[in-house]
Structure formats: structure tokens, C-alpha cells
1. Using only the Cα atoms of the chain, what are the Rg and Dmax in Å?
2. Determine, from the Cβ-Cβ distance of residue 142 and residue 187 and an R0 of 41 Å, the FRET efficiency 1/(1 + (r/R0)^6), rounded to the nearest 0.05.
3. Excluding residues on the same chain fewer than 8 positions from residue 167, give the lysines whose Cα lies under 16 Å from its Cα.
4. So what's the back-of-envelope 222 nm ellipticity for the chain, counting only DSSP H runs of four-plus at -39500 (n - 2.57) apiece and dividing by all residues, rounded to 500?
5. Quick one: if the Förster radius is 30 Å, what FRET efficiency do residue 179 and residue 131 give, using the C-beta to C-beta distance and rounding to 0.05?
6. Taking the simple approach of a point 7 Å from Cα along Cα-to-Cβ for both residue 36 and residue 164, what is their distance in nm?
7. The chain: longest stretch without exposed GluC sites (Glu not before Pro) (DSSP loop, at most 10 other Cβ within 10 Å), sites themselves excluded?
8. Taking 0.36 nm per intervening residue step and subtracting the Cα-Cα distance, what contour gain separates residue 149 from residue 85 on full extension?
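Every number here is computed from the coordinates shown, using simple stated rules; none is lab data. The structure presented is a predicted model; accordingly, all values stated were derived computationally and were not measured. Cβ placement follows ideal geometry from the backbone for every residue including glycine, while neighbour counts extend to all protein chains displayed.
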Amino acid sequence: MESTQNVTRILAQRIQNEFDNVSAVLHSVQGILIRIPDGQVDDRLGTLAQSFANVDQINIFNAEGILTHSSRGPNTIQGQVSVADRPHFQYLQNNPDVTFNLSPVLNARTSNGRRSMVLLYAMRDENKKLLGVTTAVIHMDKIEALIESAQPGQDGVALLRRSDNFKLIARFPRYKEADFNQALPPENPIRQRIEAGEQFGYLQYTASTNGTRRMGSFHCLTNYPLYLQVAVSQDRAFYSWRRYTAVV
């Protein structure tokens, strides 16, 4: 369906641009640590975080996962927060060739428990030894506002899932909270298509949540393990055509 393909492509590009902007900021943080006196780093991080509406905060952790700098300021949470037990941090610790990672939806320890996603970039020396990690916290309400802007209509759905483990990140309408961070089963057709290498495509399916027959499109983001899916109710999509046919 061309209409859902266009909406999905445009919205996926908007989300892609948001992540690209945040990634560019995280890349620049290592230069800040080199050029700016230690006592001024937090203020500079605060300025950066305020420059991007979708970024709640920017943090710097050392190689052991201890918070050393934050855009929230020097007297808030530094030295009191550790992400050493977080799998997305451990992945960067244990894989010297990897520089980027994306957390699952979680209650971030640096954001008073609000549901968030965290983008992480590893700072490494010339031997790929981990020196620290820069992170950007993005609250899910901001991602969900973008998803909602797809306006899939009654009985339609717009959602964001990971394309590496197929866990649900965001969805409009929300439906069941228990579905978030849950993966699609291996036999799911869209999962099989993405695992086969498809980056975008069209689909028809019956929703497991309410049995609605839907038609829509999916589009994988470039450089990030995410894909966007927008689908409308088949009955609503064909309403105008059926009405015209009845008149004829």
C-alpha cells in the first residue's frame, strides 16, 4: 500500500535523523574531555543536552562503569551511579571492536526511573582498550510522540521494534504494557523477512492483539538496529473503494 509505505519511510527517516544527531553529539564528547578543564565538563554537557529536544541528559562513565560527569551537574549523581551490571555496557567492555550500542527500554538510573533508551559510544585508545563510555538518555515519551504522529487511524498501529532481537520498543496505541521488550516469535513473517535481509517492504497480517486484519509497511533504520512499522485496518483502507463500488 503506497500510502503506508510513504508514511513509514518518512517517519523512519525522521527517527533516523534524531538518532544521527544524538550520535554526532556523543562523538564530540571525547574532544570536550581533551580540550576543557575537568571542572567545566558538566556545564558543557548541560549546554549540549539543552540543544537537542529529544535528549534528556548526557553522561560520561569510566571504564569500570562509574558515572564521572553528567549534564545534570557535578553535585547530583556522580560517583553514586554504576552501570557495570548493565548488559549494554558490558557488551562494549567485552567487544573491543564495537564502538556503539543501544540499550533496551529501561528505567534509567540517571533519570529518576523514567522509561528511557540509552545510546552508548565507547571511547578507546589506539589498542582498543576501553577508556570510558559516553551516553545519551532519551525518554520514551519523546519517541512515542514521533510514533503517534504516523496517525494510523482507528484499528491501525504504528510501532518501533529492534531488528536484532525483535523486541518491542514503542507502539501506538500502547495496548498491553507486558508486550514491551518482548520479542516476536521466530515464525513471525516480518521477522523472517528482516532476518533474510529485507530492509523495507509491504505486509498484510491479522493482529494478535485484537484479530484486526491490517495492511501496512515496514522500514529498517540505517546504522541502528531498529525498524518502524505502520499498518492500517484493511476495512478502513478499503472503505472508500467499497462505497464507490456499491454506488456503481
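1. 20.6, 76
2. Numbers: r = 33 Å, r/R0 = 0.81.
Working from the Cβ atoms, E equals 0.80.
3. Excluding near neighbours in sequence, the set is 176.
4. Taking each H run of at least 4 residues, the total per residue is -10000 deg cm²/dmol.
5. 0.20
6. Going by the 7 Å Cα→Cβ label model, 2.9 nm.
7. 1-125
8. Details: separation 64, 0.36 × 64 = 23.04 nm, distance 3.53 nm.
Answer, rounded to one decimal: 19.5 nm.
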